[in-house]
Amino acid sequence: MSTTSTTSTIGSESTTRTTRPSRTRLRLAGALATVLVAAGVVGGPAAQAGEQHGKPLTLADLAQRHGRYFGSATDNPELTDPAYTALLGSEFDMITPGNGMKWYATEPQQGVFDWSNGDEIVNLARANHQKVRGHTLVWHNQLPSWLTSREWTADELRAVLKNHIFAEARHYRGKVYSWDVVNEAFNEDGTYRETIFYKTLGPGYIADALRWAHQADPHAKLYLNDYNIEATGPKSDAYYQLAKDLKAQGVPLDGIGLQAHLALQYGYPTTLEENLRRFSQLGLDTALTEVDVRMLLPATEEKVAQQADWYRDMTEACLAVRRCVGITVWDYTDKYSWIPAVFTGEGAALPWDEQLQPKPAYFALREALK
Ligand code: 9MR
């Protein structure tokens, strides 16, 4: 479905110049333009073809021209695959650790911290001049068993939560661009998910988590992140209302992360752009944080083409809304996608195939970013 036709509001500066340029000035400007075109810096067939100095522009290069980033998730076991890490290091300018910063990994025993997996990814990203989205401080999944296997009083759990957030956000202070502070806090109908945190502490745990994360790392952008909130509807309305309330209370919230785990069989979220825009209008950043578009296997040419359209449409929606700051795919190759392990008979969700070859979705992304 390639229905959204959007106009980017970026870079639409109006010129106020009224004097007519002299001929010499025009000649100089012409010469400069020729040089810049030849160098592939602006315009020209090479730049239009997405090249610079004879090298194809990366998704990150193209996104940067719109003031956006283009990222990928990754996971520690994959980092031993040199063909994989080569593309990971060159095509993207934002990295999200898929698992390495989650609670089970970072605080395997109470008060005993292990930063090794997160650090490995942060160090790799820094070596490649990439930023990092920290994921995630508070989530009901992938918790260590010391936390889930007993009852806590509210005071105890509050102290446990505060300690974890402070330790982790302090450890990565200055090293992450943003934090998914609370992940997946709502049910599909917009009610609060009955997590250990909600049940023990009430809904105020979200504001507390944001305040503690801000104290621990004042410069990180703080996000709430969830799936199935791409379209308007009860779940995304719940975030809209919560974000509004948090802003009114002066709670440090910077953005809403829309995961965007889409599936061809469930249809495209046609209200995505409108939804991004309403969060923008609250003064919040938005980001597409975990994008993939899965399908029922086998992948046919038709499905792969439809998938490409969806990647294009999502990118155009983000570019059309000023405060949609970037897009991250939930890993970039089908070789390392989480989908087949969780959804039997589904897959082929990412822009590169299992052999690390670009698929139509990759070219659609490039087109949308050009
Ligand atoms: O990609 C992650 C996968 O390796 C884990 O097994 C899975 C466990 O729940 O979590 C995956 O990442 C999730 C992310 O942290 C939050 N949004 C949904 C993602 C896919 O499940």
Item checked: Fraction of antiparallel bridges per DSSP, the chain only, in percent to nearest 5 -> 15 percent
Margin query: Spelling out what I want: for every residue of the range 176-185, take phi, set θ = phi - 60°, compute 6.51 cos²θ - 1.76 cosθ + 1.60 (Karplus), and round to whole Hz; glycine and proline get x.
Written below: 10, 6, 8, 10, 7, 6, 10, 10, 6, 7
Notebook entry, point to check: What is the order of ILE339, ILE327, fewest Cβ neighbours within 10 Å to most?
Noted result: ILE339, ILE327
Next item on the list: Using amide H atoms built 1.01 Å from N in the peptide plane, name the residues 5+ places from ASP353, or on other chains, whose amide H lies under 5 Å from its own.
Entry: ASP334, LYS359
Notebook entry, point to check: What ranking do 295-308, 143-156 get when scored by the average of other Cβ atoms within 10 Å per residue, highest first?
Noted result: 295-308, 143-156
Check: Taking the Cα centre of the chain as the origin, how large is its charge dipole in debye, to the nearest 20, when only Lys and Arg (+1) and Asp and Glu (-1) carry charge on their Cβ atoms?
Finding: 1920 debye
Next item on the list: Compute the Rg to Rh ratio over the range 141-181 from the alpha carbon atoms, using the Kirkwood formula for Rh, and round to two decimal places.
Entry: 1.05
Next item on the list: Rank-order 195-202, 107-114, 316-323 by packing density, defined as the average count of other C-beta atoms within 10 Å over each peptide's residues, highest first.
Entry: 316-323, 195-202, 107-114
Notebook entry, point to check: Which of the listed residues, TRP212, PHE197, THR153, is farthest toward the dipole's positive end in the range 84-220, when Lys, Arg count +1 and Asp, Glu count -1 at the beta-carbon?
Noted result: TRP212
Check: What is the gain in length, in nm to one decimal, between HIS53 and PHE113 on full extension, counting 0.36 nm per residue of separation less the C-alpha to C-alpha distance?
Finding: 17.1 nm
Checklist line | Contour minus Cα-Cα distance for LEU297 and GLU367 (0.36 nm per residue) | finding: 22.6 nm
Note to self: Could you work out the relative contact order of the chain? I mean the mean sequence separation of Cα pairs under 8 Å and 6+ apart, divided by the number of residues, in percent.
What the structure shows: 16 percent
Next item on the list: Starting from one equal scatterer on each C-alpha and no solvent at all, send me the Debye-based log10 I(q)/I(0) for the range 124-265 at q = 0.18 Å⁻¹, two decimals.
Entry: -1.09
Notebook entry, point to check: In µm²/s, what is D for the chain at 10 °C and 1.306 mPa s, where D = kT/(6 pi eta Rh) by Stokes-Einstein and Rh is the Kirkwood radius from Cα pairs?
Noted result: 73 µm²/s
Checklist line | Dipole moment magnitude, nearest 20 debye, the range 153-230 about Cα centre, only Lys, Arg, Asp, Glu C-beta charged | finding: 500 debye
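Only four residue types carry charge here, +1 at the Cβ of Lys and Arg and -1 at the Cβ of Asp and Glu. Report the dipole size of the range 108-239 about the Cα centre in Debye, rounded to the nearest 20.
The calculated dipole for the range 108-239 is roughly 520 debye.
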Next item on the list: Give a residue-ordered list of calculated ³J(HN,Hα) values for the range 59-76 (Karplus: 6.51 cos²θ - 1.76 cosθ + 1.60, θ = phi - 60°; whole Hz; x for Gly, Pro).
Entry: 4, 5, 4, 5, 5, 4, 5, 9, x, 10, 10, 10, x, 9, 7, 8, 9, 3
Notebook entry, point to check: Taking 0.36 nm per intervening residue step and subtracting the Cα-Cα distance, what contour gain separates ASP189 from ARG150 on full extension?
Noted result: 11.2 nm
Check: What do you get for Rg/Rh of the range 67-128 when both radii come from the Cα atoms and Rh is the Kirkwood radius?
Finding: 1.03
Notebook entry, point to check: In a solvent-free Debye calculation with one equal scatterer on each Cα, what is log10 I(q)/I(0) for the range 66-174 at q = 0.13, 0.14, 0.22 Å⁻¹, listed in the order of the q values?
Noted result: -0.53, -0.60, -1.15
Note to self: What whole-number distance in Å separates the alpha-carbon centres of the range 67-100 and the range 280-306?
What the structure shows: 18 Å
Notebook entry, point to check: Roughly what angle does helix 234-248 make with the longest principal axis of the chain, taking Cα atoms, 0 to 90 degrees, to the nearest 10?
Noted result: 90 degrees
Notebook entry, point to check: Taking the C-alpha atoms of the range 153-217, how large are the radius of gyration and the largest Cα-Cα span, Dmax, in Å?
Noted result: 12.5, 36
Next item on the list: Starting from the eigenvalues of the Cα gyration tensor, five times each then square-rooted, give me the equivalent ellipsoid semi-axes of the range 186-336, largest first, whole Å.
Entry: 29, 17, 15
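Any read-out appearing in this document is the output of simple, stated calculations on the displayed coordinates, not a laboratory observation. Computed from a predicted model, the values in this text were never measured in an experiment. Positions of Cβ are backbone-derived with ideal geometry, glycine not excepted, and every protein chain shown enters the neighbour counts.
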